[in-house]
Amino acid sequence: MRKKIGLKKRWNFLKEGDSVDIIAPGFLSTSNEIQLAVEFIKSWNLVPHVFEHVSGDHFLHSNTDADRFKDLKKALFHSKSKVIWCLRGGYGSVRLLPYLQKIKKPPQQVKLLIGISDISSLHIYLNQKWKWPSLHASLLDRLGQGK
């Protein structure tokens, strides 16, 4: 008998009024890019939820590793959202994997992670370790700019 291969968990489709968590696990975005991303989410009649550490004064990343992980963890466990959408890719998201490995029990609510580029490290982790689905798709800072 063949063993079924694939993701076991499913996420619920988005509908108007659903909440979308916006995080920045990699490179930093400008305040204008963040605002345009928020407006883009609102244009789809969704409710954007921007976390505290999406912008900081780090020279390369959106914030420190610890602060970026705080936002990721809050988004993972945020009970009112269905999607976690990344503002931008870039080196930095891979640095959050050791923090993710410390989470003993994944959240009950399955969410969809959206992003591309270096966000792939988070996709692979959530797919392989938690059996969560994810979507390689445009980053919010690009969509907000109409790119």
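Some observations on this one:
- Complete set of residues in region 80-95 that are farther than 17 Å from residue 20 by Cα and more than 12 Å from the chain's Cα centre (by Cα): 90, 91, 92, 94, 95
- Residues (outside any loop (DSSP other than H, G, I, E, B) and open to solvent by 10 Å² or more (accessible area, probe 1.4 Å)) located in region 89-101: 94, 95, 97, 98, 99, 101
- Where residue 104 falls short, out of the listed (1) without any contact (Cβ under 8 Å) to a residue 60 or more places away in the chain; (2) touching an Asp or Glu at 6+ places or on another chain (Cβ under 7 Å); (3) part of a loop (DSSP other than H, G, I, E, B); (4) of a type in the set (Lys, Arg): (2)
- Only one entry of 139, 76 meets the criterion of being surrounded by 21 or more Cβ atoms within 10 Å (Cβ to Cβ), within 24 Å of residue 46 (Cβ to Cβ) and at pLDDT 95 or above, and that entry is 76.
- Residue in region 60-76 that is within 14 Å of the chain's Cα centre (by Cα), small (Gly, Ala, Ser) and not in a loop (DSSP other than H, G, I, E, B) present: yes
The values are calculated or read from the model by the stated rules, or taken from the named source; none is laboratory data. These figures come from a predicted structure and were not determined experimentally. In this analysis, Cβ positions are derived from the backbone assuming ideal geometry, glycine residues included, and neighbour counts consider all displayed protein chains. Accessible surface is based on the protein model in full, side chains and every heavy atom, while ligands, DNA and RNA are left aside. Shrake-Rupley method; radii C 1.70, N 1.55, O 1.52, S 1.80 Å.
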